Amino acid sequence: MNQQPIVQFQHTTKKIGRKIIVDDLNFDVLAGEVFGFLGPNGAGKTTTIRMMVGLIKISRGDILIKGHSIAREFEKAIRYVGGIVENPDLYKYLTGYQNLKHYARMVSGISKKRINEIVEHVGLKESIHDKVSSYSLGMRQRLGIAQALLHHPPLLILDEPTNGLDPAGIRELRNNLKELAHQEGVAVFVSSHLLSEMQLMCDKIAVLQKGKLVSIENVHEFIAKDSISRVYLEVEASQTELTKMLVADLNKTAVAGNGPSELWIQMNKEEVPELNKLLLDNGIRVLSIHVQERTLEDKFLEMMEEEQ
Amino acid sequence: MIGLISNEMMKIVNRKLTWIILFLLIAITAGSFVMNKLNEEPVSDWRAEQMELMERYQGQLEIDELSPQMYADTENKLQIANYRLQNDIAPVSGNPWSILLRFSGLIEMVIIFAIVIAADVVSREYTSGTIKLLLIRPHSRSKILFSKYISVSLFALGMLALLVITGYCVNAIFYGFGNLSTTDLFLNSEGKVTEMNVFLQTVKMYGLSFLPILSYVTLSFTISTILRNSALAVGISLFIMIVGNSIIEATSYLPGLKYLPFANSDISLYIFHLPARPEMTLGFSLSVLVMYILVLAGLSWQVFKKRDTA
């Protein structure tokens, strides 16, 4: 996969009055990756996206899209971008098709065939000639994605794209975005609050907090890094006290779980075989050991707490 | 650019409000001329009628306390009636163009409707949030704003044309197509009674009125661009239009007011020789309007170009 940078943030800063909303961002978004952009409310995610598409001015620094500055060469740079900013706000008094025609007219070289193709692709064929005011939020989201993809942009920016989609729609979108990135080499930049969704969808995660980039990593490394997992243990009910004592020898604490025979321990996954051996050697009848992998959500919330 | 303009036209045309406005425009225009026909009294002897009119005008000039505008108007009419009797020139009757000219007040309706459309064209993009997806296309903001401005201006021009066409058709049904070379008496810019071509005067009246219409379109457009609020844009523009009509009167006392747009936005004052001040000419009024249009359009352009779109 070609991994050239599509977006380059260069000391990107946004100040409103004295307040710094986005503070000195420096990172690249590469072709062929689904890039997740996380952060609590008010962290500056939307401001960053608005700067990326030229809706608001950059106070200091720059953002390059395929090497073109969004501030100084707007028309050149924006050509490579398709996206939805915040909600998929489309013209409600026009039909879905008229909306697409509207956006198609604004870029050269989009044929009728391409419009029909994209309509089919997002699954709106049945209702494309209805007024958008009659659409559900999920349908609007699909139409929003259709207008974003109309001109085959190498960079797709989506702000909360799963909003309003049903589970089947979310899954479809996820597969769609992965396919776009991994097969067609599109850089997909997604911001979302749905952490479980981001975990499934993204290749890389960047976390923004109070306008600053606090972490940027591959999604699996991000979750796994210095991670302590929760190990669930099920033993014979009569042996729980003994188990607790044995665990204490390992300098860990076993906490009573839901059932009388359940315990859980905070520990590294790598230590599990050692624990298992210790228990067996001491005649404990282990019914099950289950390591609960940490989720992006756990990691994210943990990280936010640390920062506080 | 053509693509952008057809986009804006599509957005104007696909709105219910637009169709209500066009319906009202046609209905009110047709209605006015039908009423005119119904209230018409046949004139058997035009000389006797003109004598009668002269007496009435004279009475008005002596007795009533007329505003300067009304006084000048009555004086003009008296002068023309007098000229008719002396030179034996009958008033024009049954010519659709001459009736259209008399009903030039209908142009104010076009102004009001144009204000309403212009007030919406930018602010609506903000209130519905569509501005974001509109601005993230490979077109400069200037081009996008300009295409909107051109579109509302074209739409206003279309409404003016529709007014003329509807008016002409309704009158043509009653009176026939009308002779294009018919002449009638008017006062020229020196205030002397002259015979002029009625059709050309009508064309001049309606044609030149596009400039006042455009200046109100620009005003409403600019306010709505800056405030992003169409209700305020309509309100302020209509207020100025209504107040403006009374300012025309005041201009005769206060010379400085002649540089305000209102005093210059009624072309009929020049067709019927009623300038608010003697030194005001048609050319002066048109130049003042063009200046205001340029300044307002420039203002909305600068604001739209620079603003952060939140």
- Task: Counting helices only, and only those DSSP H runs with n ≥ 4, report the 222 nm mean residue ellipticity of chain B as the sum of -39,500 (n - 2.57) divided by its residues, in deg cm²/dmol to the nearest 500.
- Result: -23500 deg cm²/dmol
- Task: Report the one residue of A:145, A:11, A:187 whose Cα lies farthest in the direction of the positive end of the charge dipole of segment A:5-224 (charges on C-beta: Lys and Arg +1, Asp and Glu -1; origin at the Cα centre).
- Result: A:11
- Query: So which chymotrypsin sites (Phe, Trp or Tyr not before Pro) in segment A:3-37 end up in coil per DSSP with only 16 or fewer other C-beta atoms within 10 Å?
  - Reply: A:27
- Message: I'd like the antiparallel share, as a percent to the nearest 5, of DSSP beta bridges with both residues in segment A:5-224.
- Response: 55 percent
- Item | Between segment B:46-61 and segment B:80-136, the Cα center-to-center distance that results, in Å | 31 Å
- Query: Sorted by average packing, counted as other Cβ atoms within 10 angstrom per residue and highest first, what order do A:125-132, B:108-115 take?
  - Reply: B:108-115, A:125-132
- Message: Sort A:256-267, A:187-198, B:89-100 by the packing proxy (mean of other Cβ within 10 Å over each peptide's residues), most packed first.
- Response: A:187-198, B:89-100, A:256-267
- Task: Only helical DSSP H runs with n ≥ 4 go in: add -39500 (n - 2.57) per run for chain A, normalise by residue count and round the 222 nm mean residue ellipticity to 500 deg cm²/dmol.
- Result: -10500 deg cm²/dmol
- With N denoting the number of residues in segment B:130-217, provide Rg(C-alpha) divided by 2.2 N^0.38 Å, to two decimal places. 1.65
- Task: Work the Kirkwood hydrodynamic radius out for chain B: mean of 1/r over every pair of different alpha-carbon atoms, inverted, in Å.
- Result: 21.4 Å
- Message: Residue by residue through A:85-92, how many Cβ atoms from other chains fall within 10 Å of the Cβ on average?
- Response: 5
- Message: Which one, A:235, A:250, A:273, projects farthest toward the positive side of the charge dipole computed for segment A:229-307 from Cβ point charges (K/R +1, D/E -1)?
- Response: A:235
- Collect residues whose amide H, placed 1.01 Å from N in the peptide plane, falls under 5 Å from the amide H of residue A:218; neighbours closer than 5 in sequence don't count. A:205
- Note on the structure: Charge tally for neighbours of residue A:257 with beta carbon under 15 Å away, counting Lys, Arg as +1 and Asp, Glu as -1, is -1
- Message: How large is the Kirkwood hydrodynamic radius of chain A, counting all unique pairs of alpha carbons, in Å?
- Response: 22.0 Å
- Item | Antiparallel DSSP beta bridges within the protein assembly as shown, as percent of all bridges there, nearest 5 | 70 percent
- Rounded accessible area of residue B:177 (nearest 10 Å², 1.4 Å probe): 150 Å²
- For peptide A:74-84, compute the average count of partner chain beta-carbon atoms within 10 Å of each residue's beta-carbon. 3
- Evaluate the relative contact order of segment B:164-291 (contact order divided by residue number), counting alpha-carbon pairs under 8 angstrom at least 6 apart; express in whole percent. 22 percent
- Task: If a/c stays under 1.5 just call it rounded; otherwise compare a/b with b/c (prolate if a/b is bigger, oblate if not). Do that for segment A:77-184, with a ≥ b ≥ c from the square roots of the Cα gyration tensor eigenvalues.
- Result: rounded
- Query: Which FRET efficiency value, to the nearest 0.05, is calculated for residue B:277 and residue A:18 with the Förster distance at 45 angstrom and r the Cβ-Cβ distance?
  - Reply: 0.30
- Across peptide A:52-63, what mean number of C-beta atoms from other chains lies inside 10 Å of a residue's C-beta? 2
- Note on the structure: Note, residue B:168: beta-carbon cut-off 15 Å, +1 each Lys/Arg, -1 each Asp/Glu, net +2
- Task: Compute the relative contact order of segment A:229-307 as a whole-number percentage, counting only Cα pairs closer than 8 Å that sit 6 or more residues apart in sequence.
- Result: 43 percent
- Query: Once a ≥ b ≥ c are taken as the square roots of the eigenvalues of the Cα gyration tensor of segment A:1-58, is the result rounded (a/c under 1.5), prolate (a/b larger than b/c) or oblate (a/b not larger than b/c)?
  - Reply: prolate
- Message: Give me the net charge for the shell around residue A:3: Cβ to Cβ below 15 angstrom, other residues only, Lys and Arg +1, Asp and Glu -1.
- Response: -2
- Message: Given the whole protein assembly as supplied and a 1.4 Å probe, what does the accessible area of residue A:287 come to in Å², nearest 10?
- Response: 100 Å²
- Item | Histogram of C-alpha separations across the protein assembly as shown, 20 Å bin width, % | 16, 34, 24, 16, 7, 3, 0
- Karplus-derived 3J(HN,Hα), 6.51/-1.76/1.60, for each residue of segment B:283-291, Hz, glycine and proline x: x, 4, 4, 5, 5, 4, 4, 4, 4
- Message: Taking amide H atoms as placed 1.01 Å from N in the peptide plane, list the residues 5 or more away in sequence, or in a different chain, whose amide H sits under 5 Å from that of residue A:12.
- Response: A:25, A:62
- Task: Pairs of Cα atoms under 8 Å, at least six residues apart: use those to get the relative contact order of segment B:131-200, whole percent.
- Result: 17 percent
- Query: Which residue fluctuates the most in chain A, going by a Gaussian network model with Cα springs under 10 Å, if the choices are A:167, A:273, A:88?
  - Reply: A:273
- Item | Distance cut-off 19 Å, percentage of C-alpha pairs in segment A:229-307 lying past it | 36 percent
- Whole-Hz Karplus couplings 3J(HN,Hα) for segment B:65-80, θ = phi - 60° and coefficients 6.51, -1.76, 1.60, Gly and Pro as x, run 8, 8, 5, x, 4, 5, 4, 4, 4, 5, 4, 4, 5, 4, 4, 5
- Task: Note the count of lysine pairs whose C-alpha atoms are less than 30 angstrom apart in chain B, limited to pairs 8 or more residues apart or on different chains.
- Result: 26
- Query: Any idea of the accessible area per residue across segment A:228-308, 1.4 Å probe, to the nearest Å²?
  - Reply: 62 Å²
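The values are calculated or read from the model by the stated rules, or taken from the named source; none is laboratory data. A quick note: this is a predicted structure, and the numbers were derived from the prediction, not measured. Positions of Cβ are generated from backbone atoms using ideal geometry, with glycine treated the same way; all protein chains shown enter the neighbour counts. Each accessible area value is taken on the protein alone, full model and side chains, heavy atoms only, with ligands, DNA and RNA left out. Shrake-Rupley method; radii C 1.70, N 1.55, O 1.52, S 1.80 Å.
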